[in-house]
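See below for the structure under consideration.
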Amino acid sequence: MNIFILTGAGLSAESNLGTFRDKGDGLWTRFDPMKLATPGAFARNPGEVHAFYNMRRQNLLAAEPNEAHRALARLEAGLVGRGNFFLVTQNIDDLHERAGSQRVTHMHGELLKARCTACTSAMPWREDLSVNLTCPHCGRTGTLRPDVVWFGEVPLQMDAIDDALAQSDLFVSIGTSGSVYPAAGFVEQAKELGIRAYEINLEPSDNARLFDEAHYGPATQAVPAWVEKVLAASVRS
Ligand code: OAD
């Protein structure tokens, strides 16, 4: 069995990182993404953009992976030699890695990395970013930005993602509202290729009708339960 998994903010919600679109406390209901998550916003007001990502980086450093992250790491380990496992996340946190996942594709970049807009070097970064900092690679000041994908930018590693999806037998979408493309289009791609699609989410996503099967509930319960079933079936087969 070749499994392709897409994760979103719902997977990290129970690690206290919140989501974007949940009513009430979603990040994009409290903050305007057009003022904080676009190249234009960064050009106009880098200090405000840095403050937003500094806040999110500090929250991430205080967060811990949850049972859903750990279950996906167990699934990856359990499928070694039994099938391909491809994990792509829209999340910019490192909770999959901290839970033990070995191979994670971060299509929207990583919050714990900085990138220089002048020399393009990317580097691990855990401190606050500001316009006063100097790039350790090229020595220019004011050029460092979070190494994340903003609205209007192209997500990362799309060729590898498309290839992995095409080779899978099962597409599983976990904790994502299905409202941001290209990730929101993976289920359609899967269906066109005849690949079974399974959704795990707190509530039906925007494209819930496209899935063959779904389980609605908190990720920390729904994901471990599903992983145990898949692992048990893979041992039997
Ligand atoms: P959203 O906030 O759009 O959706 C989160 C989904 O998780 C919703 O459908 C919730 O119902 C579900 N959810 C919430 N709590 C959950 C829980 N405990 N267990 C399971 N599911 C839960 O987040 P994403 O779909 O990840 O991009 O957002 C996609 C992209 O939009 C993000 O990567 C980000 C954002 O703008 C950029 O910043 C470029």
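Taken together, the values in this text are just the output of simple stated rules run on the coordinates, not laboratory data. Keep in mind that what you see is a predicted model, and the values were worked out from it rather than measured. A quick note on method: Cβ atoms are made from the backbone with ideal geometry, for glycine too, and the neighbour counts reach across all protein chains shown.
Being away from the ligand (no atom under 14 Å from the Cβ) and touching a Pro at 6+ places or on another chain (Cβ under 6 Å): is that true of Val131 here? In short, yes.
Take the range 134-163 and flag every residue that is away from the ligand (no atom under 16 Å from the Cβ) and closer than 29 Å to Phe4 by Cα.
Selection gives Asp159, Ala160, Asp162, Asp163.
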